[in-house]
1. If I compute solvent accessible area with a 1.4 Å probe over the protein chains, what percent of it on the chain is carbon and sulfur?
2. In the neighborhood of ILE72, defined by Cβ-to-Cβ distances under 13 Å, what is the net charge if each Lys or Arg adds +1 and each Asp or Glu adds -1?
3. Which length gain, in nm to one decimal place, applies between HIS184 and LYS233 when the Cα-Cα distance is subtracted from 0.36 nm times their residue separation?
4. Cα centroid distance between the stretch 122-154 and the stretch 171-240, in Å?
5. Go ahead and estimate [θ] at 222 nm for the chain from helices alone: -39,500 (n - 2.57) per DSSP H run with n ≥ 4, summed, over the residue count, rounded to 500.
6. Amide H to amide H, which residues 5 or more places from LEU207 or on other chains are under 5 Å from it, using H placed in the peptide plane?
7. Plugging the Kirkwood radius over Cα pairs into Stokes-Einstein for the stretch 26-122, at a temperature of 25 °C and a viscosity of 0.890 mPa s, what D comes out in µm²/s?
8. Using only C-alpha atoms and all pairs of different ones, pull out the Kirkwood radius for the stretch 59-188 in Å with one decimal.
Amino acid sequence: MIEISNLYKSFGNLEVLKGIDEHIEKGEVVVVIGPSGSGKSTFLRCINLMEQPTKGHILFEGVDITSPKTNINLIRQKVGMVFQHFNLFPHMNVMENLTLAPIKLKGYTKEQAEEIAYKLLDKVGLKDKALEYPNKLSGGQKQRIAIARALAMSPDVMLFDEPTSALDPEMVKEVLEVIKELAHEGMTMVIVTHEMGFAKEVGTRLLFMDEGKIIEQGDPKEVFANPREERTKIFLSKVL
Ligand code: ADP
Ligand code: MG
């Protein structure tokens, strides 16, 4: 589904991604871990072209999205993204948050978009919040709405950048449950997380990033139990 080759990204003189080669297959749940500043967010942002790679290629469903001819908006419709901070539109209620992009970008009628939105609200357990404004919701609820909003575009892949890092501890689980359910349904996902138990349980593959490179990867349970690289060992000894 996604083929990344020789991916580099610099900001001015700062080289953040230093040659990443990675294939992500349909149905994989790839969890990405690594120290702060290692380039995890930049890696995700390159996949949906929120950042333009400095060098290298990314093929998405066979199309080179790093080519200048690519329709960036079409790619973004197929690649859903959920951030650490929920980024809901504060002046719109939940239903409006969920239907804006499908109406504008997919050409759905309001009724079609609302029907889909209600199904997704039901899926994330928040059907009764359709008319609420974001400031009336808890962090966990906002994040579940943000996931529903991304799903409303029926993306082929979902990217999550530390979706629970900004949440109070008691709200982490409700958000992870929603992501877990998506995994069970076969959604292709790339998830940057500090939740090691979740990574182990849900990830079909784990990538450990450090200093702009993928240092080690494998089955999450195996990497946690038997890290091969010294840097992975040091990192895991700090977080496990
Ligand atoms: P991580 O998500 O692993 O913590 P990031 O990808 O956010 O790492 O950042 C990697 C490095 O790139 C950091 O040093 C960060 O300061 C830098 N960086 C990220 N985005 C930008 C940007 N837009 N402009 C300049 N530097 C950036
Ligand atoms: Mg980050």
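1. 49
2. Neighbourhood net charge equals +2.
3. So the chain would gain 14.7 nm between HIS184 and LYS233.
4. Computed from Cα coordinates, the inter-centre distance equals 25 Å.
5. -11500 deg cm²/dmol
6. VAL31, VAL32, ILE33
7. D = 155 µm²/s.
8. That comes to 15.2 Å for the stretch 59-188.
The values are calculated or read from the model by the stated rules, or taken from the named source; none is laboratory data. Bear in mind the structure is a predicted one, so any value in this text is a computation, not a measurement. Cβ coordinates were reconstructed from backbone atoms using ideal geometry, including for glycine residues, and neighbour counts include every protein chain displayed. Protein only, heavy atoms only, side chains kept; ligands, DNA and RNA dropped before computing areas. Shrake-Rupley method; radii C 1.70, N 1.55, O 1.52, S 1.80 Å.
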